[in-house]
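Participant: Supplied in structure tokens, the structure appears directly below.
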Amino acid sequence: MCGIVGYIGEREAFPVIIKGLQRLEYRGYDSAGVALYNDGKINLCKTKGKVADLKAKAEQEVVLGGKIGIGHTRWATHGEPNDVNAHPHYSNSGDLVIIHNGIIENYASIKEALIARGYHFESDTDTEVLVNLIEDIKKNEKVKLGKAVQIALNQVVGAYAIAVFDRTKPDEIVVAKLGSPLAIGVGDNEYFIASDASPFIEYTNNAIYLEDEQMAVIKKGRDVKVRQVKGDKVVNPYVQELKLNIEQIEKGGYDHFMLKEIYEQPEAIKDTYRGRLRINDGIIKMAGIEDNLQKFLNANRIIIVACGTSWHAGLVAEYIIEELVRIPVEVEYASEFRYRNPVINKNDVVIAISQSGETADTLAAIKLSKEKGAFVFGVCNVVGSSIARETHAGAYTHAGPEIGVASTKAFTTQITVLTLMALKLAQEKGQISRSDFYNYLSELEAIPEKVEQTLKSDANVAAIADIYKDAENCLYLGRGYNFPVALEGALKLKEISYIHAEGYPAAEMKHGPIALIDEQMPVVVIATRKGHYDKVVSNVQEIKSRKGKIIGVVTEGDKEVRGLADHVIEIPETSEILTPLVTTIPLQLLSYHIAVMRDCNVDQPRNLAKSVTVE
Ligand code: M6R
């Protein structure tokens with residue numbers, strides 16, 4: 001989704017903004033723009049396409065100097081992706097300039113009223129309406145920019161993270177947030193504004209994360225003034241010290257972030273269980289669970305809400321929690337749950353899973369659950385994100401920044417946290433024997449090594465990718481714990497290689513998808529020894545009889561599937577409930593190699609955004 005960058009201080013703003021926008025490219029976008037203040041003028045440049053196109057265009061067309069500026073990457077919502085609809089947007093007088101991430105839902109009626117008052121519009125965007133509303137208020141009410149922004153935001157319905165400045169008062173930037181993220185980097189006599197910390201982490205580790213319905217006036221050389229958008233309450237901003245470092249958000253020698261992130265999984269899984277999994281003491285430490293233990297133990301059921309890959313992690317968790325803890329679990333798409341008037345009550349525990357912690361539908365599902373009295377627990381990767389703040393308690397995955405749009409290490413670390421939770425609850429509920437508990441802990445501790453070993457199949461997977469790179473369709477099948485892995489494998493392939501792919505429980509094949517199988521159809525079957533092996537072998541035979549091309553993900557030493565499949569990828573054996581942590585690895589590699597061979601933009605696939613902050 002849209003990315004926001006701003007700068008005010010003593011440096012040249014243009015390079016800071018361009019680099020910052022490049023760091024936000026992972027969020028997904030289709031156009032970009034920048035506005036810089038210089039010598040009484042605002043120089044603005046915007047273009048459809050990439051930040052590199054913007055940089056080239058700006059270098060040719062505009063004066064690049066200036067120590068205050070804003071930049072934007074736009075993921076189109078209102079109006080097609082083109083130069084005119086790209087941000088920043090001027091107000092009619094040309095004095096105000098704005099960037100915006102979010103959607104102003106009532107923009108049409110505001111626009112109509114502004115047109116009646118003589119305003120004209122060049123773009124189709126809701127953002128141009130907002131900047132003119134601010135201008136109109138500023139003029140008519142004779143108030144400062146900050147006040148005008150506040151009054152305007154009280155009139156709009158929707159979501160926003162905005163940054164706006166005024167040509168006639170070029171020593172301040174006004175920002176505000178509701179629903180979309182906004183961080184302020186606090187430097188030495190300088191401030192940075194961004195959708196996340198990655199654009200400014202090389203300059204400062206200190207950041208203020210605005211809460212929903214907060215706004216700030218940022219002036220060079222002064223403290224940031226934060227207040228509520230509604231009412232006049234002044235807020236004391238909390239300056240947080242960030243642990244992030246620049247290496248974590250760079251490619252570190254890999255061709256793509258996705259590949260780097262696939263290879264980071266052994267460490268990411270370790271980081272996620274470190275300090276929590278204490279084999280020697282025979283315990284799992286998780287403060288978020290311990291502090292709310294009775295809520296979990298007395299829960300009538302657990303409802304998991306999430307989207308995309310996080311939803312797949314939720315499905316794995318359903319199997320694990322029901323198996324180990326014996327509490328009923330339902331897994332819901334957040335986007336459906338929030339609109340379908342679900343039955344929720346105070347004895348329900350809702351677990352919201354999200355890498356970014358900003359997904360709009362998941363946030364809305366959380367708010368709804370809270371309204372209905374449920375206890376809401378978050379599993380997030382991004383520290384301080386909206387979901388982390390909005391939930392009653394939670395547990396972070398410690399995957400580190402995930403930049404590739406296709407989730408990889410987020411998925412395996414989510415499963416790691418959810419497994420730890422299930423084991424902890426099973427122990428607290430007296431539902432698991434000491435020896436089983438201990439065995440699971442040691443198996444979990446061994447997973448990073450097994451993932452490492454699985455990564456060694458990379459060359460084999462690349463060779464298989466080369467054979468199927470031109471396929472038009474692909475089926476993924478798995479049973480039990482490997483069914484969500486099949487869904488995840490199919491999602492990875494579609495999102496980065498644009499090959500149509502479907503994931504199914506293997507036994508469901510007979511109820512429809514089997515009709516698709518012919519000699520052109522690659523079928524990826526996850527057929528690990530633990531996990532209804534014999535049944536899956538029968539499914540493999542059914543595919544073979546119909547001449548489908550079989551790619552088997554099998555346990556090392558497997559003979560039966562090897563005898564039937566066209567290709568096999570071996571993984572080390574682990575306990576059944578932990579299998580997804582390993583079987584998902586070759587599927588990530590397969591989609592990665594196919595996408596590279598098809599010349600696709602692996603890290604920023606078309607039409608997709610890393611964090612989906614609009615519904
Ligand atoms: O940040 P979240 O985990 O809430 O994001 C949810 C989905 O948008 C995300 O998993 C998406 O499906 C990924 N592109 C999958 O690779």
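Participant: Cβ-Cβ under 6 Å, sequence separation 6+ or interchain: first residue in region 352-373 and closer than 15 Å to residue 389 by Cβ and without any contact (Cβ under 8 Å) to a residue 24 or more places away in the chain, partner of a type in the set (Val, Ile, Thr) and more than 9 Å from the ligand (Cβ to nearest atom). Which pairs?
Facilitator: 370/376
Participant: Is there a residue in region 241-260 that is in contact with a helix residue (DSSP H, G or I) (Cβ under 7 Å, 6 or more places away or on another chain), touching a residue at least 12 places away in the same chain (Cβ under 8 Å) and at positive phi?
Facilitator: Taking every residue of region 241-260 in turn, none turns out to be in contact with a helix residue (DSSP H, G or I) (Cβ under 7 Å, 6 or more places away or on another chain), touching a residue at least 12 places away in the same chain (Cβ under 8 Å) and at positive phi.
Participant: Exactly one of (1) more than 16 Å from the ligand (Cβ to nearest atom); (2) surrounded by fewer than 22 Cβ atoms within 10 Å (Cβ to Cβ) is unmet by residue 389. Its number?
Facilitator: (1)
Participant: Could I ask something else about it? Determine whether region 272-289 contains at least one residue that is of a type outside the set (Ser, Thr, Tyr), without any contact (Cβ under 8 Å) to a residue 40 or more places away in the chain, loosely packed, with under 15 Cβ neighbours inside 10 Å and under 21 Å from residue 202 (Cβ atoms).
Facilitator: Within region 272-289 (the criterion being of a type outside the set (Ser, Thr, Tyr), without any contact (Cβ under 8 Å) to a residue 40 or more places away in the chain, loosely packed, with under 15 Cβ neighbours inside 10 Å and under 21 Å from residue 202 (Cβ atoms)), the answer is no, since none of the residues qualifies.
Participant: Then there's this: For the structure I just gave you, tell me whether residue 324 is crowded, with 22+ Cβ neighbours inside 10 Å, aliphatic (A, V, I, L, M), over 21 Å from the mean Cα position of the chain (by Cα) and away from the ligand (no atom under 16 Å from the Cβ). So that I can check it myself, show each step before the final result.
Facilitator: Values: crowded, with 22+ Cβ neighbours inside 10 Å: yes; aliphatic (A, V, I, L, M): yes; over 21 Å from the mean Cα position of the chain (by Cα): yes; away from the ligand (no atom under 16 Å from the Cβ): yes.
Yes.
Participant: List the number of the failed condition for residue 506; all other conditions in (1) within 26 Å of the chain's Cα centre (by Cα); (2) crowded, with 18+ Cβ neighbours inside 10 Å; (3) in the same structural domain as residue 546 (by TED's automatic domain parsing) hold.
Facilitator: (1)
Participant: Go through region 543-553 and give me each residue that's open to solvent by less than 10 Å² (accessible area, probe 1.4 Å) and either more than 13 Å from residue 471 (Cβ to Cβ) or in a strand (DSSP E or B) (or both).
Facilitator: Let us first name the residues in region 543-553 that are open to solvent by less than 10 Å² (accessible area, probe 1.4 Å), namely 543, 548, 550-553.
Scanning region 543-553 gives 543, 550, 551, 552, 553.
Participant: Between residues in region 427-450 that are within 18 Å of residue 571 (Cα to Cα) and residues that are open to solvent by 80 Å² or more (accessible area, probe 1.4 Å) and in a helix (DSSP H, G or I), which pairs lie under 9 Å by C-beta distance while being six or more apart or on different chains?
Facilitator: The qualifying pairs are 448/267.
Participant: If you check 129, 186, which single one turns out to be under 29 Å from the mean Cα position of the chain (by Cα) and closer than 17 Å to residue 4 by Cβ?
Facilitator: Values: 129 fails: closer than 17 Å to residue 4 by Cβ.
Sole residue among the options that is under 29 Å from the mean Cα position of the chain (by Cα) and closer than 17 Å to residue 4 by Cβ: 186.
Participant: So, in region 232-245, exactly how many residues are open to solvent by less than 50 Å² (accessible area, probe 1.4 Å) and either not β-branched (Val, Ile, Thr) or not assigned by TED's automatic domain parsing to the domain that holds residue 155 (or both)?
Facilitator: Result for region 232-245: 4.
Participant: Among the residues of region 331-356 satisfying the criterion of being charged (D, E, K, R) and open to solvent by 70 Å² or more (accessible area, probe 1.4 Å), which is nearest to the ligand (Cβ to nearest atom)?
Facilitator: Filtering region 331-356 for residues charged (D, E, K, R) gives 332, 336, 338, 340, 346, 348.
Filter again for open to solvent by 70 Å² or more (accessible area, probe 1.4 Å), leaving 336, 340, 346.
On the way: 336: 14, 340: 19, 346: 25 Å.
So the residue we want is 336.
Participant: Could I ask something else about it? Looking only at strands (runs of 3 or more DSSP E) that lie completely in region 9-102, which have at least 2 residues being open to solvent by 40 Å² or more (accessible area, probe 1.4 Å)? Break it down into steps so the answer makes sense when it comes.
Facilitator: Details: elements: 31-38, 41-48, 68-74.
Once the strands (runs of 3 or more DSSP E) in region 9-102 are filtered for at least 2 residues that are open to solvent by 40 Å² or more (accessible area, probe 1.4 Å), what remains is 31-38, 41-48.
For every residue, the table says whether it meets (1) part of a helix (DSSP H, G or I); (2) within 12 Å of the ligand (Cβ to nearest atom); (3) not aliphatic (A, V, I, L, M).
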| site | (1), (2), (3) |
| --- | --- |
| 568 | no, no, no |
| 580 | yes, no, yes |
| 584 | yes, yes, yes |
| 588 | yes, yes, yes |
| 591 | yes, yes, yes |
| 602 | no, yes, no |
| 605 | no, yes, yes |
| 614 | no, yes, no |
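Participant: Within the set of pairs 6+ apart or on separate chains, which have a first residue in region 295-307 that is touching a residue at least 12 places away in the same chain (Cβ under 8 Å), a second that is open to solvent by 10 Å² or more (accessible area, probe 1.4 Å) and within 16 Å of the ligand (Cβ to nearest atom), and C-beta atoms under 6 Å apart?
Facilitator: Taking only residues 6 or more apart or on different chains, the pairs are 304/331; 305/332; 307/359; 307/361.
Participant: Looking only at residues that are in a helix (DSSP H, G or I) and among the small types (Gly, Ala, Ser) in region 424-453, which one is most open to solvent (accessible area, probe 1.4 Å)? Break it down stepwise before answering.
Facilitator: First, the residues of region 424-453 that are in a helix (DSSP H, G or I): 424-428, 434-453.
From what's left, among the small types (Gly, Ala, Ser): 426, 435, 442, 446.
Working: 426: 0, 435: 70, 442: 39, 446: 31 Å².
Applying the filter and picking the extreme gives 435.
Participant: For residues that are over 21 Å from residue 26 (Cα atoms) and open to solvent by 20 Å² or more (accessible area, probe 1.4 Å), scanning just region 482-496, find the one that is nearest to the ligand (Cβ to nearest atom).
Facilitator: Looking at residues that are over 21 Å from residue 26 (Cα atoms) and open to solvent by 20 Å² or more (accessible area, probe 1.4 Å), I get 487.
Participant: Of (1) touching a helix residue (DSSP H, G or I) at 6+ places or on another chain (Cβ under 6 Å); (2) surrounded by fewer than 24 Cβ atoms within 10 Å (Cβ to Cβ); (3) within 16 Å of residue 284 (Cβ to Cβ), residue 397 satisfies all except one. Which?
Facilitator: Tallying (1) touching a helix residue (DSSP H, G or I) at 6+ places or on another chain (Cβ under 6 Å); (2) surrounded by fewer than 24 Cβ atoms within 10 Å (Cβ to Cβ); (3) within 16 Å of residue 284 (Cβ to Cβ), residue 397 fails exactly one: (2).
Participant: Only one of these is at pLDDT 90 or above and either over 26 Å from residue 262 (Cα atoms) or hydroxyl-bearing (Ser, Thr, Tyr) (or both): 521, 509. Name it.
Facilitator: Values: 509 fails: at pLDDT 90 or above.
So the residue among 521, 509 that is at pLDDT 90 or above and either over 26 Å from residue 262 (Cα atoms) or hydroxyl-bearing (Ser, Thr, Tyr) (or both) is 521.
Participant: Also, quick follow-up: Among residues belonging to region 173-213 that are open to solvent by 10 Å² or more (accessible area, probe 1.4 Å) and among the charged types (D, E, K, R), point out the one that is farthest from residue 224 (Cα to Cα).
Facilitator: In this case the residue turns out to be 202.
The values are calculated or read from the model by the stated rules, or taken from the named source; none is laboratory data. Because the structure is a prediction, the values reported are computed rather than measured. When we count neighbours, we look across all protein chains shown, and the Cβ atoms used for this are built from the backbone with ideal geometry, even at glycine. The area values use the complete protein model at the heavy-atom level, side chains included, leaving out ligands, DNA and RNA. Shrake-Rupley method; radii C 1.70, N 1.55, O 1.52, S 1.80 Å.
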